[in-house]
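One structure below.
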Amino acid sequence: MGSGIDVVSGEELMRALAAKVAPKKIIFEGVGKTKNDLILAIKKGIKQINVESIEELLLINKTAKSLGKIANVGIRINPNIDAKSLKKISTGNKKDKFGIPTTDLNQVVIIAKKSKNINLKGISCHVGSQIFSLSVYEKVFKKIKETARFFINNNINIKNLNLGGGMGFDKTKNKKFQIKGFKKLVDKHFRNLPYEISFEPGRYIVAESGTLIAKIITTKKSGQSNFIILDAGMNIFLRPALYGAHHNIVSIIKRRASINYNVAGPICESSDIFGKNVFLPKQYTGDYVAIQDVGAYGSVMSSNYNSKELAAEILIYKNRFTIIRKRQKIKDLISKDIIPRWLGDFH
Ligand SMILES: Cc1ncc(COP(=O)(O)O)c(C=O)c1O
């Protein structure tokens, strides 16, 4: 659709490049970029590296100098704004690890002016995910504009403003992100200003694109609760266990009676629960259920906890489908283990 990509690790940068995204359309953010990540980004001449600390700013200048290049950089500010979202996915509070505090911007100006191998041209701000309050964005927009003016007043030519992502998506609570209101807000604050504007929405674009189909391994009753135990657990889809996120769960098979279930995975953790008090038609071992809207922070957060294999992924497009990732096999996992010969001494 003509968009670029916002990456938050060197590995994501390599993925984006492998997918043939033009370097000039890649922005690199992230609080822990390694020197090798920076070398790759600078060599490839990506659009912008968004800096998250003073130390990183100095390192980028040094790295670019050693490569004989000039790196385009933006400053990710920490505006100390509460995203009014979940604590674990809020990133813009002064206690969070992200961004440069606005109190340090004088120092940034001094360094930027002295550093010959960086071209400071952007401001970015991302205060978290699952944001539904437009007043949060209004506060962020004001802070970004104020910061841009501060740099311009200090003779640093800010050309682009990255307004972040975080646009919320939550079907279970019937919450809707007010996209039209958001557009109005962007127009109100930026329409007549000479900046290039960009956004980094993730979930809002891809959440609905994924569905997790899981098989019922067993059913059981514990106290008053009816459990169904699936073959997919928190290893395959972590959000409910990690954030207490709610996702709709539906039965694949249509049957009449409706029963109150706790839907759980097979992992040895009590938090491995996808939903409590979920009303489904009567389910039997071998039936399938679908956990909906797992397209964002789903597959990418999956793990081999309990030595479980990662699930296969199937792309469905119009009336076609293809397996785009094979189900992992335990032998693939075991083959990566290295057992030192000297351990034999203990046998
Ligand atoms: C820097 C940055 N930008 C954008 C996003 C996308 O957030 P969301 O999926 O909530 O829109 C993230 C998510 O972690 C991020 O870290």
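Selection over the stretch 296-324 of residues that are in contact (Cβ under 8 Å) with a residue 24 or more places away in the chain and not aliphatic (A, V, I, L, M) gives a count of 11. I'd like the residue in the stretch 165-184 that is at pLDDT 95 or above and touching a Gly at 6+ places or on another chain (Cβ under 9 Å) and, out of all such residues, is nearest to GLN48 (Cα to Cα). Taking the candidates together, the pick is GLY165.
With the requirement that a residue be within 16 Å of the ligand (Cβ to nearest atom), assigned to a loop (DSSP other than H, G, I, E, B) and β-branched (Val, Ile, Thr), what does the stretch 265-314 give you?
Within the stretch 265-314, the first condition is being within 16 Å of the ligand (Cβ to nearest atom), and the residues that meet it are 293-301.
Keeping just the survivors that are assigned to a loop (DSSP other than H, G, I, E, B) gives 293-298.
Selection gives VAL294 alone.
So is ILE77 closer than 21 Å to LYS33 by Cα, in contact (Cβ under 8 Å) with a residue 40 or more places away in the chain and in a strand (DSSP E or B) or not? Yes; evaluated as a whole, the condition is true for this residue. Scanning the stretch 118-140 for residues that are within 16 Å of the ligand (Cβ to nearest atom), assigned to a helix (DSSP H, G or I) and in contact with a helix residue (DSSP H, G or I) (Cβ under 8 Å, 6 or more places away or on another chain) returns LEU134, TYR137.
So that you can scan it fast, the table gives a plain yes or no per residue for (1) within 16 Å of the ligand (Cβ to nearest atom); (2) at pLDDT 95 or above; (3) crowded, with 18+ Cβ neighbours inside 10 Å:
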position	(1), (2), (3)
GLY2	no, no, no
LYS24	no, yes, no
LEU38	no, yes, yes
GLU52	yes, yes, yes
ILE81	yes, no, yes
SER90	yes, no, yes
LYS94	no, no, no
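From the list GLY165, GLY210, GLY202, the one residue that fits, being in contact with a His (Cβ under 7 Å, 6 or more places away or on another chain), among the small types (Gly, Ala, Ser) and open to solvent by less than 50 Å² (accessible area, probe 1.4 Å), is GLY165.
Is one or more of the residues making up the stretch 170-183 under 23 Å from ILE26 (Cα atoms) and within 12 Å of the ligand (Cβ to nearest atom)? Scanning the stretch 170-183 turns up no residue that is under 23 Å from ILE26 (Cα atoms) and within 12 Å of the ligand (Cβ to nearest atom).
The values are calculated or read from the model by the stated rules, or taken from the named source; none is laboratory data. What you see is a predicted model, and the numbers here were worked out from it, not measured in a lab. Reconstructed Cβ throughout: ideal geometry from the backbone, glycine too, with neighbour counts over all protein chains shown. What goes into the accessible areas is simple: the full protein's heavy atoms, side chains included, and nothing from ligands, DNA or RNA. Shrake-Rupley method; radii C 1.70, N 1.55, O 1.52, S 1.80 Å.
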